Amino acid sequence: MSQAKPRFSPAALLRGSLVPVLVIALWQILSTSGLINPVVLPSPVQVVVRWWAYLLPTEAYDPAQSSWILWALSGEMLFDAWSSLYRVVLGFAVGAGLALPLGLAMGGNPRIYALFDPLMQVLRPIPPIAYIPLAILWFGLGNAPAVFLIAIGAFFPVLMNTIAGVRHVDGIYLRAARNLGAGKLTMFLRVILPAATPYILAGARIGIGTAFIVVIVSEMIAVNSGLGFRILEAREFMWSDKIIAGMFTIGLLGLAIDIGMNRLNNHLLRWHRGLEN
Amino acid sequence: MTPMLKSVADTAPVADAAPVQIQVRGVEKTFAVGAQKIVALQNIDLDIRKGEFVCLLGPSGCGKSTLLNAVAGFQPPTKGTVTVDGRTITEPGPDRGMVFQEYALFPWMTVAQNVAFGLEIKGMSKAEIAERVEWLLQKLHLQDFRNRFPKDLSGGMRQRVAIARVLALDSPILLMDEPFGALDALTRRTLQDELLRIWEEVGKTILFVTHSIEESIYLADRIIVMTYRPGTIKRDVVVDMPRPRDGSAPEFNRLKRELSQMVMEEQQRFSQDEIRSVTAD
Ligand SMILES: Nc1ncnc2c1ncn2[C@@H]1O[C@H](COP(=O)(O)OP(=O)(O)O)[C@@H](O)[C@H]1O
Ligand SMILES: [Mg+2]
């Protein structure tokens with residue numbers, strides 16, 4: 001708790017930036033020394049310039065065409081990032097949306113569990129990437145196969161954690177609720193579901209992490225937009241600076257998703273004892 | 001027999017006029033632990049009158065919780081019956097509000113939401129719930145904590161919420177399993193006094209489990225002393241002292257000595273059992 005302050009002290013900031021600065025300096029020296037072909041390794045300055053160009057709008061500002069804000073957001077990068085994010089969110093919503101009710105049912109009812117568990121155990125070890133040929137065969141190219149793959153990536157972590165969450169609900173809450181007269185539905189919605197949320201959210205975090213990996217891969221294969229598509233496209237033109245700039249953007253988007261998940265987690269689990277850090 | 005240790009039949013406490021509300025008949029409860037059979041309760045016959053404050057007293061492991069759970073409907077007895085107002089108990093219900101030692105508050109609900117939960121289940125209107133919750137929060141001095149989550153409350157405060165939560169149900173019977181066992185002495189005394197005040201005000205039947213002799217004398221109309229394995233009723237002691245009771249009064253101490261004697265006998269059997277089970281490992 002009290003560690004938050006020293007982390008932002010000048011000394012700590014200096015220590016923290018030491019290694020990155022050294023790595024970038026070394027990289028700059030290597031790439032400008034002439035020892036390495038700049039197509040293989042562009043200089044960091046070149047990457048930053050390219051990243052900036054990737055961010056900026058491609059067309060000149062024309063007030064007659066659109067508003068200032070729309071123009072400012074019309075750059076290629078923001079469009080790509082938006083496309084990727086849209087797929088992650090949609091795919092995750094589909095995958096988690098199916099996994100949550102199934103997980104609740106399987107966790108809460110041994111018969112449903114016995115019915116579905118064998119199938120789940122067979123399907124679970126198959127990496128989502130392995131579904132790519134099938135996804136293209138079934139859905140063709142475009143958003144549909146990407147969303148399908150992402151949904152599969154998100155499905156299993158959420159399912160497994162939801163089952164575990166329901167099973168680990170402390171019996172004392174069930175007894176207290178029964179004593180208060182809770183029926184089956186109330187018990188499920190007001191007691192079991194909230195009691196299982198720490199597990200479910202942990203599963204959701206793993207699921208969205210998987211979804212983010214899968215979106216990049218599926219964009220390299222099935223669609224013509226998004227960050228994954230863009231860096232593969234850049235390779236065809238041998239634009240190594242744009243590849244690295246795109247990777248950097250992927251990292252930023254991943255970080256943004258992670259921060260968003262963290263916020264959501266902290267809000268939904270504000271009652272949770274383990275959360276005071 | 002000292003004048004303090006009269007049987008129920010030859011005293012005339014206030015509750016004597018009241019009808020029997022909880023009737024335990026020939027209750028036996030056994031648990032199978034591996035190949036071993038544990039007789040947690042045997043031959044329990046007990047009548048509790050409407051409005052009585054009864055303590056179950058005995059060392060750990062003598063079946064107090066098992067008996068309370070049978071009345072609550074969580075664990076049906078192996079043999080025998082429990083009836084409440086003539087109806088045989090088969091499942092838990094809001095007519096027998098339970099307060100657990102572990103509080104058992106729902107950590108995802110605020111204080112006010114915890115108290116309101118039972119009323120929502122009952123299907124009471126929003127306005128009625130709000131009014132009743134408010135009244136209970138005032139009564140248990142929780143009004144400044146209404147929007148806190150249980151994790152941000154002390155043990156004493158949590159138990160106040162748990163008490164408010166069952167009082168909300170307005171059930172005629174309160175079952176309490178060592179509710180103050182985890183609290184410090186001062187908090188414990190405060191909550192004991194508040195419980196007595198509420199009991200006198202709203203007139204509930206209370207079955208209260210404790211292993212503290214002092215607590216049982218301080219609170220109860222009647223103390224049921226239990227034996228250890230098999231769990232039977234060793235003694236049914238009427239406490240005929242005006243409240244608030246003074247822990248330094250001679251009759252309080254006389255009763256305390258007698259009860260200590262009884263509890264110690266059972267405690268020793270419990271300790272021997274523990275030593276045996278440790279050396280057997
Ligand atoms: N679920 C159970 N399974 C096996 N043995 C149990 C179970 N519950 C209680 N017992 C045993 O029954 C006896 C009485 O337990 P309990 O009613 O909890 O005692 P108390 O509340 O007086 O401490 C103890 O010896 C305990 O080990
Ligand atoms: Mg107990």
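Descriptive notes on the structure:
- Helices (runs of 4 or more DSSP H) fully within segment B:38-146 counting 3 or more residues that are within 14 Å of another protein chain (Cβ to nearest Cβ), touching a Gly at 6+ places or on another chain (Cβ under 8 Å) and farther than 30 Å from B:Met241 by Cα: B:111-122
- B:Gly118 being more than 12 Å from ligand 1 (Cβ to nearest atom), open to solvent by less than 10 Å² (accessible area, probe 1.4 Å) and without any contact (Cβ under 8 Å) to a residue 40 or more places away in the chain: no
- Considering only residues in segment B:229-255 that are within 16 Å of ligand 1 (Cβ to nearest atom) and open to solvent by 10 Å² or more (accessible area, probe 1.4 Å), the one that is modelled with the lowest pLDDT turns out to be B:Arg229.
- Number of positions in segment B:121-135 that are of a type outside the set (Asp, Glu) and without any contact (Cβ under 8 Å) to a residue 24 or more places away in the chain: 8
- Consider segment A:200-215 and keep the residues that are under 10 Å from the mean Cα position of the chain (by Cα) and of a type in the set (Val, Ile, Thr). The one that is farthest from A:Arg167 (Cα to Cα) is A:Val215.
- The single condition among (1) within 9 Å of ligand 1 (Cβ to nearest atom); (2) crowded, with 19+ Cβ neighbours inside 10 Å that B:Leu46 does not satisfy is (1).
- Boolean, B:Arg222 is within 17 Å of the chain's Cα centre (by Cα) and open to solvent by 70 Å² or more (accessible area, probe 1.4 Å): no
- Restricting segment A:134-192 to residues that are outside any helix (DSSP H, G or I) and of a type in the set (Gly, Ala, Ser), the residue that is nearest to the other protein chains (Cβ to nearest Cβ): A:Gly181
- Verdict on A:Met220 being over 21 Å from A:Ser74 (Cβ atoms), open to solvent by 40 Å² or more (accessible area, probe 1.4 Å), more than 14 Å from chain B (Cβ to nearest Cβ) and in contact with a helix residue (DSSP H, G or I) (Cβ under 8 Å, 6 or more places away or on another chain): yes
- Residue list for segment B:162-211, filter: within 15 Å of B:Ala104 (Cβ to Cβ), in contact (Cβ under 8 Å) with a residue 60 or more places away in the chain and within 16 Å of ligand 1 (Cβ to nearest atom): B:Leu175, B:Met176, B:Asp177, B:Glu178, B:Pro179, B:Gly181, B:Ala182, B:Val209
- Any hit, segment B:136-158, residues being touching a residue at least 60 places away in the same chain (Cβ under 8 Å) and either surrounded by 18 or more Cβ atoms within 10 Å (Cβ to Cβ) or within 27 Å of A:Leu269 (Cβ to Cβ) (or both): no
- Lone unmet requirement of (1) in contact with a Pro (Cβ under 9 Å, 6 or more places away or on another chain); (2) at pLDDT 95 or above; (3) open to solvent by 30 Å² or more (accessible area, probe 1.4 Å) for B:Leu195: (3)
Rundown of residues vs (1) at pLDDT 85 or above; (2) touching a Gly at 6+ places or on another chain (Cβ under 9 Å); (3) part of a helix (DSSP H, G or I); (4) open to solvent by less than 100 Å² (accessible area, probe 1.4 Å), yes/no style:
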{"site": "A:Met1", "(1), (2), (3), (4)": "no, no, no, no"}
{"site": "A:Ala11", "(1), (2), (3), (4)": "yes, no, yes, yes"}
{"site": "A:Pro20", "(1), (2), (3), (4)": "yes, no, yes, yes"}
{"site": "A:Ile24", "(1), (2), (3), (4)": "yes, no, yes, yes"}
{"site": "A:Ser31", "(1), (2), (3), (4)": "yes, no, yes, yes"}
{"site": "A:Asn37", "(1), (2), (3), (4)": "yes, no, no, yes"}
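- Here is the figure for segment B:147-187: residues that are assigned to a helix (DSSP H, G or I) and not β-branched (Val, Ile, Thr) total 16.
- With respect to (1) touching a Ser or Thr at 6+ places or on another chain (Cβ under 8 Å); (2) open to solvent by less than 70 Å² (accessible area, probe 1.4 Å); (3) modelled with pLDDT under 95, the lone exception for A:Gly140 is condition (1).
- Taken over segment B:52-72, residues that are away from ligand 2 (no atom under 16 Å from the Cβ) and either aromatic (Phe, Trp, Tyr) or surrounded by fewer than 22 Cβ atoms within 10 Å (Cβ to Cβ) (or both) amount to 1.
- Matching residues, segment B:215-238, being of a type in the set (Val, Ile, Thr) and touching a Ser or Thr at 6+ places or on another chain (Cβ under 8 Å): B:Ile223, B:Ile233, B:Val238
- Scanning segment A:228-240 for any residue that is open to solvent by less than 20 Å² (accessible area, probe 1.4 Å), over 30 Å from A:Tyr113 (Cβ atoms), touching a residue at least 24 places away in the same chain (Cβ under 8 Å) and in a helix (DSSP H, G or I) turns up at least one such residue.
- One residue from B:Val161, B:Val209, B:Val166 being open to solvent by less than 20 Å² (accessible area, probe 1.4 Å), β-branched (Val, Ile, Thr) and within 16 Å of ligand 2 (Cβ to nearest atom): B:Val209
The values are calculated or read from the model by the stated rules, or taken from the named source; none is laboratory data. Small disclaimer: the values here were computed from a predicted structure and weren't measured. Virtual Cβ from ideal backbone geometry, glycine too; neighbours counted across all protein chains shown. Surface accessibility is based on the protein's heavy atoms, side chains included, excluding ligands, DNA and RNA. Shrake-Rupley method; radii C 1.70, N 1.55, O 1.52, S 1.80 Å.
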